[in-house]
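Structure record follows, encoded as structure tokens.
The values are calculated or read from the model by the stated rules, or taken from the named source; none is laboratory data. None of these values were measured; they are calculated from a predicted model. Because the Cβ atoms are built from the backbone with ideal geometry, glycine has one as well, and the counts that use them run over all protein chains shown.
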Protein chains: 2
Amino acid sequence: MINKLIDRIQKTHAPVVAGLDPMLSYVPEHVQKRAYAEYGETLRGAAEAIWQFNREIVDHICDLIPAVKPQIAMYEQFGVEGLAAYKKTVDYCRSKGLIVIGDVKRGDIGSTSAAYAVGHLGKVQVGNTACTGFDEDFITVNPYLGSDGVMPFIEVCKEEKKGLFILVKTSNPSSGEFQDQLVDGTPLYELVGEKVARWGEEHMGDTYSYVGAVVGATYPAQGKILRRVMPKSFILVPGYGAQGGRGKDLVHFFNEDGLGAIVNSSRGIIAAYKQEAYGKFGAENFGEASRAAVEDMIADIRGALEAR
Amino acid sequence: MINKLIDRIQKTHAPVVAGLDPMLSYVPEHVQKRAYAEYGETLRGAAEAIWQFNREIVDHICDLIPAVKPQIAMYEQFGVEGLAAYKKTVDYCRSKGLIVIGDVKRGDIGSTSAAYAVGHLGKVQVGNTACTGFDEDFITVNPYLGSDGVMPFIEVCKEEKKGLFILVKTSNPSSGEFQDQLVDGTPLYELVGEKVARWGEEHMGDTYSYVGAVVGATYPAQGKILRRVMPKSFILVPGYGAQGGRGKDLVHFFNEDGLGAIVNSSRGIIAAYKQEAYGKFGAENFGEASRAAVEDMIADIRGALEAR
């Protein structure tokens, strides 16, 4: 799957991920109204609204980019119905040839991580039948519990040729509270990065590992350091656009080969029609606004990489 | 909800939580067969089997203990169908008067944590209607992202009078890999514990805070220290029984008032019928075996607290 991701990045010339994080406030009123007319103002109605919203965006951008990253919390907030919309989104994106990075940030003690791993990446045995649960291509993982909380994910990835992005330095303002604490002069995020590099050696693709890392676009200096600490790990970079990151800030997340990073934008793409720059499309044409935002983002990052 | 938890602990004299973590291998064959006969060897069939298993156990133990802790991963491994069984379990336990601690270990950047918070503890707005998703009483939270990843949970807890248990020192063997790292001579888990105490001041019940902590039964020395660091926080203590903890090792997790901790056992209760000690009940009477195991666990912990 890491080889497929690289192949798709090279074909699209776009190291870009669209974050499918559909807050209801992003969903145009006409889409919400149609869904509520059918299912009422219920969890089912909300789930239908976000699914219809996602589908139209995916239809408009799927040829431009290699991957999408649905944030499961935005679905889980609508309970079981919301998670059914998450599953529909995952399946639809894969049917369109997109690689799906499930932003689930799971992580627990060994036996529990194993259950998350089979549920999201592998197969679960029911009697004599192997069944698939959510079936994403990659997921994000929280490392706070240490190696025995991470290894069960890697084991399933090996079987399924799937991958992980492990939280190293997150994009939020208070990420430093624990992640920046100095351990013998080295920040904790760097120790986690060293572990990611080591875990990554356990499961290598042709040139990069199946085990990647999450490092926020909002911390470019740390990104530069972590790029060296984890030379064979892809870095998933959230925080572009709405959270503040820009193409020129992100060049050091990439290796010399122009690979090694994939940049996520969520609100900046899926709610583009609400921005002044794309206002001309109007709420009716929110899919086209998203396409224009993706094109601009690709140009920004491509330009920054060429200019370095 | 923390006041209710304390009230129920005092009425049952049992600072005990039953972990409803139904691996299919724990579910007796007759229960599995019945479910597969109806729904096939499918995710739905598995979900039905674990729901029937849970219900029978809950019926046998609900008068003995204050709370249950379903581990969502054990349901999530069966996809959307599994999560529907999780929701049914949550609702059923609450209808029986049990306090439900959703062991979900969620945690993300602010806006995403807010979505998890409304989905699990609060209400989500759909048009003009406020809907509830999973509706547990407490959930567990991962602190790796820092304060702005935790505060949205606390905000929703204030509105709903619900609570949290934040991971401080987990029960697994490699929990020390990051959690024990020394920052100016102080282990990271202690810094997290100090934050839990501070976050807890934001949302106090009558005598204890709505913001508690998770500290593994497998680390009694650290439990003793953390008890002092977070005097007003309840400690949820997993790892009793199958993972190695025993009543006498756990007395220092409690305050002098006999409160301040609640001890979880999962496999030791729900798969009791598979143990030699409760083998006489047989797989047919797995619910009675669970009841006997709960009674023994309560006696062990009560005895240890009285002997100190």
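A few notes on this one:
- The residues in the stretch B:133-145 that are within 8 Å of chain A (Cβ to nearest Cβ) and more than 19 Å from residue A:179 (Cα to Cα) can be counted, and the count is 2.
- Looking across the stretch A:128-154 at every residue that is of a type in the set (D, E, K, R) and in contact (Cβ under 8 Å) with a residue 40 or more places away in the chain, the one that is farthest from residue A:238 (Cα to Cα) is identified as A:135.
- Qualifying residue in the stretch B:243-258 (condition: within 12 Å of chain A (Cβ to nearest Cβ), out of contact with any Asp or Glu (no Cβ under 9 Å at 6 or more places or on another chain) and either modelled with pLDDT of 95 or more or not in a strand (DSSP E or B) (or both)): yes
- Of all residues making up the stretch B:86-120, the number that are assigned to a helix (DSSP H, G or I), among the β-branched types (Val, Ile, Thr) and either in contact with an Asp or Glu (Cβ under 7 Å, 6 or more places away or on another chain) or within 11 Å of chain A (Cβ to nearest Cβ) (or both): 3
- Checking each residue in the stretch A:59-85 for being of a type in the set (Asp, Glu), farther than 16 Å from residue A:269 by Cα and more than 7 Å from chain B (Cβ to nearest Cβ) picks out only A:81.
- Residue match in the stretch A:146-168 (condition: modelled with pLDDT of 95 or more, surrounded by fewer than 22 Cβ atoms within 10 Å (Cβ to Cβ), more than 7 Å from chain B (Cβ to nearest Cβ) and part of a strand (DSSP E or B)): no
- Residue that is surrounded by the fewest Cβ atoms within 10 Å (Cβ to Cβ), among those in the stretch B:130-145 that are polar (S, T, N, Q) and in contact with a helix residue (DSSP H, G or I) (Cβ under 9 Å, 6 or more places away or on another chain): B:132
- Yes/no for residue A:217 being farther than 21 Å from residue A:10 by Cα, assigned to a loop (DSSP other than H, G, I, E, B) and aliphatic (A, V, I, L, M): yes
- So residue B:61, is it of a type in the set (A, V, I, L, M, F, W, C), at pLDDT below 95 and crowded, with 18+ Cβ neighbours inside 10 Å: no
- In the stretch A:1-44, residue farthest from the chain's Cα centre (by Cα) [restricted to those that are over 15 Å from residue A:89 (Cβ atoms) and crowded, with 24+ Cβ neighbours inside 10 Å]: A:43
- Considering residues of the stretch B:169-209 that are in contact with a Phe, Trp or Tyr (Cβ under 8 Å, 6 or more places away or on another chain), at the interface with another protein chain (Cβ under 10 Å from one of its Cβ atoms) and touching a residue at least 24 places away in the same chain (Cβ under 8 Å) only, the residue surrounded by the fewest Cβ atoms within 10 Å (Cβ to Cβ): B:171
- For residue B:56, the criteria (1) within 11 Å of chain A (Cβ to nearest Cβ); (2) assigned to a helix (DSSP H, G or I) hold in every case but one, which is (1).
- Here the stretch A:259-277 is the region considered, the condition is being among the polar types (S, T, N, Q) and outside any strand (DSSP E or B), and the residue that is farthest from the chain's Cα centre (by Cα) is A:275.
- With respect to the conditions (1) exposed (fewer than 15 other Cβ atoms within 10 Å of the Cβ); (2) closer than 19 Å to residue A:66 by Cβ, residue A:294 falls short on a single one, namely (1).
- Every test in (1) assigned to a helix (DSSP H, G or I); (2) within 14 Å of chain A (Cβ to nearest Cβ) is passed by residue B:41 save one, and that test is (1).
- Residue A:261 being free of Cβ contacts under 8 Å to residues at least 24 places away in the same chain and surrounded by 19 or more Cβ atoms within 10 Å (Cβ to Cβ): no
- Residue within the stretch A:14-26 that is among the aromatic types (Phe, Trp, Tyr) and without any contact (Cβ under 8 Å) to a residue 40 or more places away in the chain present: no
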